[in-house]
Amino acid sequence: MNIRLSILTVSTALLCATLAPAQAQEAIRVAYDDGRAAEEVAAFRLSDEGRVRFLRASDVARLLRATQFWNASSRKVVLGVGRSRFVLTVDTRVVVVDGEPVLLRAPVRYDGGFVMIPMEFVLEVASQYTPRVFIWDEAARAFTPDEIDSARESGFQTASLGNRILRAETAALSLLSIIQYEWGDLSLRDEI
């Protein structure tokens, strides 16, 4: 009887170990540029993805100030930031951003009851579509806001063209158009 119980216990432990990937958890510091206090967020390294760091979907939503919706039947999480919508599906590398697919290097995972999103989503994908831009400081193990804070601290005054993120090629043209509009100088002239 004791031998059967021991075999059952060992086989159950082995089954649990193979079903749930091992996690290595580390705390990362997050600094915000919108007045929120800095905080620590758990980052995970799942054994099947090696060196890739993952964040819980709820933490990503908090970082980006996003709304979050989880559909368990389709295994999808939807994050909304302003007008942008990100649809992440568990066990796939594809993120649908406003209807357009974007490929991640590592798939979204479901582990320990949480949707785990690769950190590259925050650093490389979401930053292109949201006003929140974070930079990863490997030495400090921290997310920091981009250079805007250091520029403000150095006495620079910031200006914005609204919630839009513009490419360098179009930012100057957009600024000139706004200035012309504000000065009422968009009319066609008959003089040559």
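How would segment 22-151 be classified by its alpha-carbon gyration tensor: rounded, prolate or oblate, with rounded meaning a/c under 1.5 and the a/b versus b/c comparison settling the rest? In terms of gyration-tensor shape, oblate. Among L79, L123, the order by Cβ neighbours within 10 angstrom, fewest to most, reads L123, L79. Amide hydrogen proximity for T92: with H placed 1.01 Å from N in the peptide plane, the residues at 5 or more positions away or on another chain lying under 5 Å are V108.
With K and R counted +1 and D and E -1, the other residues having a Cβ less than 10 Å from that of V81 yield a net charge of +4.
Every number in this text was worked out from the coordinates using simple rules, so none of it is lab data. From a predicted model like this one, the values you see are computed outputs, not experimental measurements. A quick note on method: Cβ atoms are made from the backbone with ideal geometry, for glycine too, and the neighbour counts reach across all protein chains shown.
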